[in-house]
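*Asks:* I'd like to ask some things about the structure below.
The values are calculated or read from the model by the stated rules, or taken from the named source; none is laboratory data. Model, not experiment: these values are computed from the prediction. Here the Cβ positions follow ideal geometry from the backbone for every residue, glycine too, while neighbour counts run over all protein chains shown. All accessible areas refer to the heavy atoms of the entire protein, side chains included, with ligands and DNA or RNA removed. Shrake-Rupley method; radii C 1.70, N 1.55, O 1.52, S 1.80 Å.
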Amino acid sequence: MPTTSLTSRRSAVVLFGMAAVLSGCAAGSSLDPVAAYDPNQYRLGVDDQIRVLTYGQDQLTSDFRVDSNGKVAFPLAGHLQAEGLTTSEFAAEISAALEKARMVRQPNVTVEVTAYRLVSILGEVARPGQYAYQPFMTMLTAVASAGGFTYRALEDRAYVVRQEGDHTVVGRLNPQDYVKPGDVLKIYERHF
């Protein structure tokens with residue numbers, strides 16, 4: 001009887017050791033988490049669709065798209081840098097340009113985002129593809145927009161490629177982490 005108990009203990013130790021080794025080899029386990037994204041600090045980027053409202057100046061109220069250079073061609077003010085600015089910072093930029101051009105005195109400008117950049121979702125989801133970003137979107141809500149996880153999906157983390165200023169960051173995203181517009185997510189396949 002003592003031999004069976006010793007054999008059981010050895011088997012348990014071997015299984016525990018194998019599980020520890022395999023968990024270290026699990027897809028994405030070696031990736032560092034990406035820096036947290038705060039959706040309240042949203043900054044405009046290429047392909048964002050915006051609406052500029054200039055109160056009392058209907059001819060200066062319209063919809064625009066941030067072009068591939070990060071600029072918006074605004075009437076009477078020219079090409080204004082929008083990429084990297086918050087909506088209130090860009091509204092102030094437009095106001096300053098209109099005043100400088102002496103076209104409008106004390107312009108009252110508001111900017112709102114009407115369509116955000118897309119989020120790409122690849123891997124073990126029902127419908128891989130590009131989806132519209134929604135404010136406060138998490139990894140889980142992004143996966144839900146792609147039809148949910150497949151039965152093979154590793155659900156506790158995703159690989160993410162994110163643009164931070166002029167450089168690209170690669171890392172891990174956890175289920176409740178916020179997705180940033182323009183992110184590319186890959187949902188891993190589990191191996192056991």
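*Asks:* Kindly indicate which of Y151, Y131, Y159 is over 23 Å from D48 (Cβ atoms), assigned to a strand (DSSP E or B) and not hydrophobic (A, V, I, L, M, F, W, C). Steps first, please.
*Replies:* Working: Y151 fails: assigned to a strand (DSSP E or B); Y131 fails: over 23 Å from D48 (Cβ atoms).
So the residue among Y151, Y131, Y159 that is over 23 Å from D48 (Cβ atoms), assigned to a strand (DSSP E or B) and not hydrophobic (A, V, I, L, M, F, W, C) is Y159.
*Asks:* T150: within 21 Å of G84 (Cβ to Cβ), of a type outside the set (A, V, I, L, M, F, W, C), outside the structural domain of G84 (by the TED database) and more than 12 Å from the chain's Cα centre (by Cα), yes or no?
*Replies:* Values: within 21 Å of G84 (Cβ to Cβ): no; of a type outside the set (A, V, I, L, M, F, W, C): yes; outside the structural domain of G84 (by the TED database): yes; more than 12 Å from the chain's Cα centre (by Cα): yes.
Against the criterion (within 21 Å of G84 (Cβ to Cβ), of a type outside the set (A, V, I, L, M, F, W, C), outside the structural domain of G84 (by the TED database) and more than 12 Å from the chain's Cα centre (by Cα)), T150 does not qualify.
*Asks:* Of the conditions (1) surrounded by fewer than 17 Cβ atoms within 10 Å (Cβ to Cβ); (2) part of a strand (DSSP E or B); (3) not hydroxyl-bearing (S, T, Y), V113 clears all except one; give me its number.
*Replies:* Here V113 clears every test but (1).
*Asks:* Of everything in the range 90-104, what is open to solvent by less than 80 Å² (accessible area, probe 1.4 Å) and not in a helix (DSSP H, G or I)? Give them in sequence order.
*Replies:* A101, V104
*Asks:* Quick check on my filter: what residues within the range 173-192 are over 12 Å from the mean Cα position of the chain (by Cα) and basic (K, R)? Don't jump to the end; show me each part of the working.
*Replies:* Taking the range 173-192 first, the residues over 12 Å from the mean Cα position of the chain (by Cα) are 174-176, 186-192.
If the condition is that a residue be over 12 Å from the mean Cα position of the chain (by Cα) and basic (K, R), then K186, R190 are the ones that fit.
*Asks:* Output the qualifying pairs, or none if there are none: Cβ atoms under 6 angstrom, residues six or more apart or on different chains, first residue in the range 169-192 and in contact (Cβ under 8 Å) with a residue 12 or more places away in the chain and assigned to a strand (DSSP E or B), second residue aromatic (F, W, Y) and surrounded by 13 or more Cβ atoms within 10 Å (Cβ to Cβ).
*Replies:* Y178/Y37; K186/Y159
*Asks:* Checking S30 against (1) open to solvent by 90 Å² or more (accessible area, probe 1.4 Å); (2) in a loop (DSSP other than H, G, I, E, B); (3) at pLDDT 90 or above, which single condition isn't satisfied?
*Replies:* Condition not satisfied by S30: (3).
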